[in-house]
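Taken together, the values in this text are just the output of simple stated rules run on the coordinates, not laboratory data. Keep in mind that what you see is a predicted model, and the values were worked out from it rather than measured. When we count neighbours, we look across all protein chains shown, and the Cβ atoms used for this are built from the backbone with ideal geometry, even at glycine.
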Amino acid sequence: MELKLDMRKFSVFFVPVFLVACLSIYVLKGAGFDRPESQTGQPAGSATAPLSQLLDVNPLGPKIRTFTDEQAWLDFSDDTSTDEVADTQSTSQLLVALEDKAGQGLSYEVLRDGEEFQLIMAQIQSDPAARQQVLAHIMKFSGTPLGKTLSLALATSGAAVGMSKLKAAAVQLLRKGSEEQRLDALQLLGATASYDAPTRAGLLDVLRGDGAANSELAVAAMANLVKQSGGASPAEQQEIVKAVYPFVGNSDPQLRLNGLQVLSKLAGSDQDAQRIFAEGVNDADPEVRRWVIAAMGNGEFAYDSVREPLLATLQNPDEDPAVKAVAQRALERFPLDDQARQIYQEHLASESYQAPTGGFGFN
């Protein structure tokens, strides 16, 4: 009787322990403790691989800081979700691949036309963390073919509009960078949606400085001013007119046109800008004249401010018929007075009449 009792106690104790032991052995075998190194790639008894093997760690992560001391105050590391961090790991690999190509001395054109550029363009359109990573790389490599390539990607992707830190980075380069770095900065600024007095001041500094001798810088700065001059105060408008005026008289028709484009945005509120802009109808290049006359009819100018130059163009016997056709179309957008209507009708009946066609030469 005592033996049976002891065996019953033993069974109550032993069976659960035996089951737990079996389960433990099964779990440990599933984790790979009994597999040799040749099968697992790690020593026997090691439960997991090193963390760097599991996470595909790359030194260019989404929170990198690669700036000079002067740029250290710009922090491009935004908080991102787990999904965004996973996405930017592939961005890191693309950036490393572009770095390798740039290190081989490949040109901007080759980098721009490569597969990595297109893939980065696609990622930054949808991934905020990728945008911050690319911006950090731009700050590190600005002024080089790689920096120019990445600036183009960010500026043309449409993703730069909502990046609050991009403008601060671009203005930083604009003020303290080399000519090549400032070209990258101007490209980035052209992609932003908000404009302010400090940014306009930086653009004017470019025109007053190296822009006078570097037409590429001048063209890029004035292209930005076309977008930014609309919110300028009267005092700022006067500064813009003074900075742009020398380019209106430049020997390069492209620079003259860019200067007139800036002034066209101020002509409605600044008399000096209006006067200088109106003189563009007498420019030596017919394409510049066509653009100026077309702008006079785009709805931003009052009839009284453009009446005389438009009618003078129609009455000028030496004017290019194509330029006259643009003046005719511009006049058709206004309610003409009797004298203007007579001049207009005489033009239609003249031998120099040419039916208007689409396009004004410059955009």
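Listed values for segment 280-285 are Karplus-derived 3J(HN,Hα) couplings in whole Hz (6.51 cos²θ - 1.76 cosθ + 1.60, θ = phi - 60°), namely x, 5, 9, 4, 5, 9, and x replaces Gly and Pro. Among Val248, Val323, the ranking by other beta carbons within 10 Å of each residue's beta carbon, starting with the fewest, stands as Val248, Val323. Diffusion of segment 252-353 by Stokes-Einstein, at 10 °C in a medium of 1.306 mPa s and with Rh set to the Kirkwood radius over alpha-carbon pairs, works out to 117 µm²/s. If R0 equals 35 Å, the separation of the Cβ atoms of Gln104 and Asn282 corresponds to a calculated FRET efficiency of about 0.10. Residue order for Asp196, Asp270, Asp304, fewest other beta carbons within 10 angstrom first, comes to Asp304, Asp196, Asp270. Quick one: go through segment 203-239 and flag any residue whose amide nitrogen is under 11 Å from the point 7 Å out along the Cα-to-Cβ line of Asn298. Backbone N within reach: 226-227. If the segment from Gln271 to Lys176 were pulled out straight at 0.36 nm per residue, it would be longer than the present Cα-Cα gap by 30.8 nm. For the residue pairs Lys165/Lys227; Lys176/Lys265; Lys227/Lys324; Lys242/Lys265; Lys140/Lys265, the alpha carbons lie more than 24 Å apart in Lys176/Lys265; Lys227/Lys324; Lys140/Lys265.
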